[in-house]
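Report on one structure; see the data block that follows.
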Amino acid sequence: MVTGSESSVNDDSVPGLVRERDCVRAAVEAGTPVLGICFGAQLLAQALGGSVSRLDEPEVGWKVLETSDEDLVNPGPWLLWHEDHVQVPPGAQVLARSDVCLAAFSAGPHLGVQFHPEVSPELLLAWIEQQRTSESADPEALQRLATGIEEHAQASSRAAARLLDRFLAGASLGGHRLENS
């Protein structure tokens, strides 16, 4: 599992990024199932031959997704907090989209999600607090995020558990596509 980062996957000056990208590529080449979350999904997309580009504006907020596989990717709402857009890797299946861009994809045993299923109320509140000191912080948007976790925490946690269970079930099939598990 590769999780989020404040860094861009396209900035090779970030310490450890090249090594992390190589590690994801090696896992993919070995057939080891990879679950990529946000930044991790972007690295996974690159490892699979896709690309990542900057959005015109960051996508931040609780959003309901358009999903092609509700058993795996529940429509949400999910927390999205990213600045990049993933181009679908060759042969990958689009599983979900937001109104802005790709939100989830699978390729063989691999799953990439651009949203944050791992977010807990405590984690999100820590992220919000960290952002409050930023010059570009939007206090109203941060308050909407905080209010959203109170409203969505239980449903988000259940959907995240189902997503992880489905990923693990697909991963244990030794490379079968997630949509067939």
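Report whether or not Arg144 is crowded, with 17+ Cβ neighbours inside 10 Å and among the charged types (D, E, K, R).
In short, no.
Kindly list the number of the only condition in (1) without any contact (Cβ under 8 Å) to a residue 12 or more places away in the chain; (2) surrounded by 14 or more Cβ atoms within 10 Å (Cβ to Cβ) that fails for Pro77.
(1)
Could you check the stretch 68-181 for strands (runs of 3 or more DSSP E) lying wholly inside it with 1 or more residues that are of a type in the set (Gly, Ala, Ser)?
It comes to 93-97, 102-107, 110-113.
FYI, it's all coordinate maths here, none of it is from the lab. Small disclaimer: the values here were computed from a predicted structure and weren't measured. Here Cβ is always computed from backbone atoms with ideal geometry, including for glycine, and neighbour counts include all displayed protein chains.
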